[in-house]
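Shown next, in structure tokens, is the structure this report addresses.
The values are calculated or read from the model by the stated rules, or taken from the named source; none is laboratory data. Note that the structure is predicted; figures quoted are calculated from it, not measured. Quick reminder, even Gly has a Cβ in these numbers, built from the backbone with ideal geometry, and neighbours come from all protein chains shown. Surface accessibility is based on the protein's heavy atoms, side chains included, excluding ligands, DNA and RNA. Shrake-Rupley method; radii C 1.70, N 1.55, O 1.52, S 1.80 Å.
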2 protein chains.
Amino acid sequence: MMFDKANGLYGFILFGLVTGACGGAEKAALPPAPPAAPPADEGRPAASVDKSDPRSSATSGSRPLTNDEGMWLLNDFPSERLGRLHGFAPSQEWLDHVRLSAARVGMGCSGSFVSPNGLVMTNHHCASRCIEQLSSAKKDYIASGFYAKSEKDEAKCPEMEINQLVAITDVTDRVLGATKGLTGAKFNEANKAEQSKIEKECAKSDDLRCDVVTLYRGGRYHLYKYQRYQDVRLSFAPEFASAFFGGDPDNFNFPRYDLDVTFLRVYKDGKPLSGGHYFKWSQSGAKEGDLTFVAGHPHQTSRGITVAEFEFLRDVELPTKLLRLSEWRGLLTEFQTKGPEQKRIAGSRLFGIENSLKGIKGRVEALRDPEVFGKKTAEEKELRAKVEGDPAMKEAFGGAWDAIADAQKKLRNIESRYIMLEKGEGLWSDLFDQARRILRASTEFAKPNEQRLREYVDSRKPAISQKVNSTAPIYDDLEILTLSAALTGMRAELGPDDAFVRKVLGKDTPRELATRLVKGSKLKDPKVRKALFEGGENAVSASKDPMIEFARLVEPEARAVRKTYEDDVESVIKKNAELIAKARFQVYGTSVYPDATGTLRLSFGQVRGWEEGGKKVTPVTTLGGAFDRATGKEPFALPKSWIDNKAKLDLSTPFNFSTTNDIIGGNSGSPVIDQEGRIVGLIFDGNIHSLGGDYAYDGKDNRAVSVHSAALLETLGNIYNASRIVEEIKASR
Amino acid sequence: MMFDKANGLYGFILFGLVTGACGGAEKAALPPAPPAAPPADEGRPAASVDKSDPRSSATSGSRPLTNDEGMWLLNDFPSERLGRLHGFAPSQEWLDHVRLSAARVGMGCSGSFVSPNGLVMTNHHCASRCIEQLSSAKKDYIASGFYAKSEKDEAKCPEMEINQLVAITDVTDRVLGATKGLTGAKFNEANKAEQSKIEKECAKSDDLRCDVVTLYRGGRYHLYKYQRYQDVRLSFAPEFASAFFGGDPDNFNFPRYDLDVTFLRVYKDGKPLSGGHYFKWSQSGAKEGDLTFVAGHPHQTSRGITVAEFEFLRDVELPTKLLRLSEWRGLLTEFQTKGPEQKRIAGSRLFGIENSLKGIKGRVEALRDPEVFGKKTAEEKELRAKVEGDPAMKEAFGGAWDAIADAQKKLRNIESRYIMLEKGEGLWSDLFDQARRILRASTEFAKPNEQRLREYVDSRKPAISQKVNSTAPIYDDLEILTLSAALTGMRAELGPDDAFVRKVLGKDTPRELATRLVKGSKLKDPKVRKALFEGGENAVSASKDPMIEFARLVEPEARAVRKTYEDDVESVIKKNAELIAKARFQVYGTSVYPDATGTLRLSFGQVRGWEEGGKKVTPVTTLGGAFDRATGKEPFALPKSWIDNKAKLDLSTPFNFSTTNDIIGGNSGSPVIDQEGRIVGLIFDGNIHSLGGDYAYDGKDNRAVSVHSAALLETLGNIYNASRIVEEIKASR
């Protein structure tokens, strides 16, 4: 599966990365990444290079852009270039239709409207938290799948939100103006305050969501205005065994045979949304060589980070994270052996952990690849040399790289504490998250909007409120497991003699403390949370709930290390990354795509295989292949529905396919469309080589992996008898 | 705790390292490490440098030896230099007495004879496998401690062996003569055959153990002849809570408060051994500034590896190992929550894993330290430049580094398979180990001695037989857990489509296969094992025991990858490391110490603290400090015996102390002696900075950590009423 935020599915597991998170509804805003290499015009003969076209600036030859590289902005798409490369130049109207038909799903996935009645297609792994939340010991929809035979059977997801991007405005001048001449904490405060102000002006009602988006690591600021939908209901999901056939062993691999799909429906005022933009369905789907587009929300790439940031990720942050995830994997695996209910309730967490583990391993491998590192250092050297060679640029930008390297050194000293206390890796618990949310809401909402923590500004209120009021079940055993493990990890990382560790643990063992907090807290009950949340500062400060008290105990040190991080690290990186972005614009021109930041992007590519160890990998699998691969045992067991209905299937139907589209985690659930804007597939993964895409795109073997549109209709019709959905889709094609 | 082989306690967990293992009784012989930097004579004024003394060759100034660096051979000890530095020059007689009073304990620890009646002192963590094996659900000696009030109460350890080093002979000419002009597989075969031959000639009876020891990575070969004792009985052990007070959080840290001691007794012909060499006990023990010696068996240092080997360890081997250990830590931690019996039976394994985890983390940090890497590359560059500058040396040695780098590249391709199949990380199970041992013994013992796998030569037979006949219990649940985890890991590393993975798993899940093998096997019964072992090839090939059948299924691929490893990697490294060793001798002279290889070494140092974050760490703690640190909760809970007898104790008694002695894993249980050869302490750990000692010794902060001799007598007498032991020790002092 892709390496997504996935609707909060993996919680902070994916997003505790100091340099990783960006733009999540409730996460602190962190510095996004800088612009990538400038495009070269490989499609054009050298003689016709237009020197006035900034895109041709890379004829310096140093950094040729691979053909299909790029996660492009929908308001700055290289149509002309695409026309030259692939013979199709999308119009702005075409791009606008794509933007309005695409969906942002949950806190970190993508999706698409596929009917005029609010039907949204996304991945199973993007909706699995909802599916799990709607399940119980008696009815496990993860195992059995879910199909609402009629509209009234559609079940409301407790925490799901879907957004549609209705407008993009450039607000660069306002934001840069507000921070002019400032540095350090002052720079950071002004920068954040201005963004909060702009967002508040924009989000005039709760059904609008407005985010100021940092692009090119501070080179540009755009205001993204979304229609917000919080009444999202589950229509159809297959069994986990089919959605994630092949499990962890096959994850990030190809050939592949996964039906990783879920259909949701957006409701408005209690009725299915009607009359909006949507993608029509292709009759034939994609075949080898076809041009494909992917519209989605890649959450983060780091193609423009400096060498110092690269080294920190490679040597400190990611290896430490991998060790934590490995230990948690072991804990949950053994927890699952305790019984079928334990197996069920730990399912999505373990899935998320294994997915992250495999994903981060791939990233670390890319970071340790001497070729990737060599390319990174050469690029930085070239840009720095150009800056040094021009007195004005040297004066303006020359110190930026060293300043970031210094900030990384400071980060090394505080990273453990920051990750543990503020990013929550030392406090892994749904109940703790609720307690902190309620506690912080009570103090933050009492402040003026511009002075609040960024994730508590008014424009984020509906998302916070939805979380607080969620009816999702919380399980004591699992809470005790996660919180004990996290507290043990915190003690190990900070040391048993650390004053904070002593303060929170006292004479308790981590397990004793976790047990006492979890068993004693009443926050499992949404009504209790609601009362505290709505009661505000007075109610919360009077609360004797042990988890609220614990969150209060942690609060001073958590805020302190956050402040140190923001003032000494974040603001320095932000300020100087902005300078590097400016230098890069000056040297290479502006028509390059910015690093991914969780906002809507469009990539183009082709259905294509690759070579693996000298052998050709063909780009399309078939439904028959799934039956060939099945062993009958997890994770290679096809569900009963497949076995029973095998005879009804056309086994030659294309099932999964690989394309050269440049995507990354967050793109899960993205529609794959053809040049007519029709659905030909559904992104759900990348191959193992795509994991290095965080740092560089290599068209040679980086491949996106999708479910084929034909397999979707074939299985929904002939395995699941989901005729209502099939007809709705067919009617609109 | 130190990072030891520890009597097989951690099994392959510590020794699955491809470049790590060496000289273990049943482990394949792997290339040991090369000599370290030449010593500089820091104690002497520059004017008096004696140019004829090879030790002064490093006045090139490039690599000054820290004062107390060195794990010296007892037949090549720098007495003269020590005399200059510390005013005491040990005589050969003094050294011989130390050699004969020191003990090799189990498969990877150290110890010392401390009475004329065979009393041996070692660490609790070196004997804990025996203590656990003697325990049951009803009587848990790990928790309660053990004290034999009379000789007849002393309990025989099922798998313990103690060795005393009676002679060292230089056999370099024989071994080098046998391989002259050979390369690749031929070199390797001849090299091993000659070693097996020499050992067989030496070990004329089962009570002798003879090992040819590779020193200076092939520069020298010595024959070590040991008296072998297999009747080893448990006399005294404190509670785990006292032996490992502070647990994993305090592990490798200091100040420290651990009573990590166990007393064993060597029996011969059913009676306590009598009349041999032993260390007398110091009246006062060591105090700050005192000169200290440590005699023990450091199992491995890698101070002389090449840059290519360094990078492989840093980027591939150790990070992968850490992830496996982290996951296993999680599995066992959660397994322990299932009940008190599960907590008990998983105890020593979890302890071993946590110890390895912390130890390897420290090593990786050292490897990632740019300063350490810089020093390593500078050293290699200097030596290579000297070799290149001399036509004869260039001709003889010039290609050695690139040859090793090529071998590392080959290793990258086969490492996963080698580690999983042959080193056993994909087959983690006591029953599997027994099955493989019996299977291999049956085929190997049928071959001529020189043609066998090195760990099955005649001189190793007594150790193999002891293992096969061990009465140590084997627990199904734990076996299923470890084997499932290992098989899952193997599938992940080799891929679900790997032909070997498909062959062994078939359509089973890893857990199903593990359960079937463990539940179905009769090898838990020592009588069944004995019958197969003694029945030889016919009995074993007729066996239908599922674990024997499984071992047989695995065997062809395991042997194949071992052969590839030995022919393409090991032999190349061995041959070329030998060339580098020769080059180093030629350039720097011979009077340097060889890298540790699990053989007896003597290091010298002083009782000394260090500076940590600008604060002075004092080198001696007291018994009173343990009570101050206690919280009453694991792992900071002192046992009841301590609480009850607190009033009887002199709380100012020195408890643990730190010294500058250059030690490493395998030194656990080593005696700390003064210049009169009297016991002043008992090594049990190093501080966190000592972990980098694998790659370089830094006298600034690398410290060995010991239990003080005074605390040993004070607690044995006043807490444990172990008057029999106390009197025996006092009588001999």
Could you count how many residues in the stretch B:500-530 are among the polar types (S, T, N, Q), within 13 Å of chain A (Cβ to nearest Cβ) and either surrounded by 19 or more Cβ atoms within 10 Å (Cβ to Cβ) or within 19 Å of residue B:422 (Cβ to Cβ) (or both)? 1
Of all residues in the stretch B:600-621, count the ones that are open to solvent by 50 Å² or more (accessible area, probe 1.4 Å) and of a type in the set (S, T, N, Q). 1
With A:568, A:497 as the choices, which residue is within 14 Å of chain B (Cβ to nearest Cβ) and out of contact with any Gly (no Cβ under 6 Å at 6 or more places or on another chain)? A:497
If you check residue A:348 against the conditions, is it touching a Leu at 6+ places or on another chain (Cβ under 8 Å), more than 30 Å from residue A:606 (Cα to Cα) and away from every other protein chain (no Cβ under 12 Å)? yes
Residues (of a type outside the set (Asp, Glu), assigned to a helix (DSSP H, G or I) and surrounded by fewer than 24 Cβ atoms within 10 Å (Cβ to Cβ)) located in the stretch B:331-344: B:333, B:336, B:340, B:342, B:343, B:344
Kindly establish whether residue B:283 is of a type outside the set (D, E, K, R), surrounded by fewer than 22 Cβ atoms within 10 Å (Cβ to Cβ) and touching a strand residue (DSSP E or B) at 6+ places or on another chain (Cβ under 6 Å). no
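Rundown of residues vs (1) more than 30 Å from residue A:661 (Cβ to Cβ); (2) touching a residue at least 24 places away in the same chain (Cβ under 8 Å), yes/no style:
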position	(1), (2)
A:529	yes, yes
A:534	yes, no
A:541	yes, yes
A:547	yes, yes
A:565	yes, yes
A:568	yes, yes
A:601	no, yes
A:605	no, yes
Residue in the stretch B:94-111 that is assigned to a loop (DSSP other than H, G, I, E, B), open to solvent by 40 Å² or more (accessible area, probe 1.4 Å) and modelled with pLDDT under 95 present: yes
Which condition does residue A:136 not pass, out of (1) among the polar types (S, T, N, Q); (2) assigned to a helix (DSSP H, G or I); (3) surrounded by fewer than 19 Cβ atoms within 10 Å (Cβ to Cβ), if it passes all the others? (2)
Report yes if residue B:314 is farther than 15 Å from residue B:362 by Cα, within 13 Å of another protein chain (Cβ to nearest Cβ) and open to solvent by 10 Å² or more (accessible area, probe 1.4 Å), otherwise no. no
If you go through the stretch B:444-489 one residue at a time, how many are aliphatic (A, V, I, L, M) and either touching a strand residue (DSSP E or B) at 6+ places or on another chain (Cβ under 6 Å) or away from chain A (no Cβ under 14 Å) (or both)? 8
Top-ranked residue in the stretch A:180-193 [being part of a helix (DSSP H, G or I) and without any contact (Cβ under 8 Å) to a residue 40 or more places away in the chain; ranked as farthest from the chain's Cα centre (by Cα)]: A:186
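Residue by residue, here is whether (1) within 12 Å of another protein chain (Cβ to nearest Cβ); (2) within 19 Å of residue A:372 (Cβ to Cβ) holds:
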{"site": "A:289", "(1), (2)": "no, no"}
{"site": "A:292", "(1), (2)": "no, no"}
{"site": "A:295", "(1), (2)": "no, no"}
{"site": "A:306", "(1), (2)": "no, yes"}
{"site": "A:310", "(1), (2)": "no, yes"}
{"site": "A:320", "(1), (2)": "yes, no"}
Pair list, Cβ < 8 Å and 6+ apart or interchain, from the stretch A:356-378 residues that are away from chain B (no Cβ under 13 Å) to residues that are assigned to a helix (DSSP H, G or I) and of a type in the set (Phe, Trp, Tyr): A:376/A:310
Just wondering, is there one or more residues in the stretch B:205-220 that are of a type outside the set (A, V, I, L, M, F, W, C), modelled with pLDDT under 95, touching a helix residue (DSSP H, G or I) at 6+ places or on another chain (Cβ under 7 Å) and within 28 Å of residue B:259 (Cβ to Cβ)? no
Inside the stretch A:542-574, can you point out the residues that are of a type in the set (Ser, Thr, Tyr) and open to solvent by less than 50 Å² (accessible area, probe 1.4 Å)? A:543, A:565, A:571
Got at least one residue in the stretch B:531-541 being within 14 Å of chain A (Cβ to nearest Cβ), open to solvent by 20 Å² or more (accessible area, probe 1.4 Å) and within 27 Å of residue B:441 (Cβ to Cβ)? no
Return the residue satisfying two criteria in turn: it lies in the stretch B:322-345 and is in contact with a helix residue (DSSP H, G or I) (Cβ under 8 Å, 6 or more places away or on another chain) and more than 11 Å from every other protein chain (Cβ to nearest Cβ), and of such residues it is farthest from residue B:474 (Cα to Cα). B:343
For residue A:693, indicate whether it is without any contact (Cβ under 8 Å) to a residue 40 or more places away in the chain and in a helix (DSSP H, G or I). no
List every residue pair whose Cβ atoms sit under 6 Å apart, with the two residues 6 or more apart in sequence or on different chains, where the first one lies in the stretch B:468-497 and is under 11 Å from residue B:515 (Cα atoms) and the second, anywhere, is assigned to a helix (DSSP H, G or I) and open to solvent by 30 Å² or more (accessible area, probe 1.4 Å). B:480/B:515; B:484/B:511
Output the residues belonging to the stretch B:245-274 that are within 14 Å of chain A (Cβ to nearest Cβ) and open to solvent by 10 Å² or more (accessible area, probe 1.4 Å). B:248, B:249, B:253, B:254, B:255, B:257
Hey, among the residues in the stretch A:614-629 that are in contact (Cβ under 8 Å) with a residue 24 or more places away in the chain and outside any helix (DSSP H, G or I), which one's farthest from residue A:113 (Cα to Cα)? A:617
Looking for something surrounded by 24 or more Cβ atoms within 10 Å (Cβ to Cβ), hydrophobic (A, V, I, L, M, F, W, C) and within 30 Å of residue A:310 (Cβ to Cβ) - is there at least one such residue anywhere in the stretch A:705-715? yes
Just wondering, is there one or more residues in the stretch B:205-220 that are aliphatic (A, V, I, L, M), over 23 Å from residue B:72 (Cα atoms) and either touching a strand residue (DSSP E or B) at 6+ places or on another chain (Cβ under 9 Å) or in a helix (DSSP H, G or I) (or both)? yes
If I filter the stretch B:667-697 down to residues being among the acidic types (Asp, Glu) and within 21 Å of the chain's Cα centre (by Cα), which single residue comes out as modelled with the highest pLDDT? B:685
Assess whether residue A:241 counts as being in a helix (DSSP H, G or I) and either modelled with pLDDT of 95 or more or within 14 Å of chain B (Cβ to nearest Cβ) (or both). yes
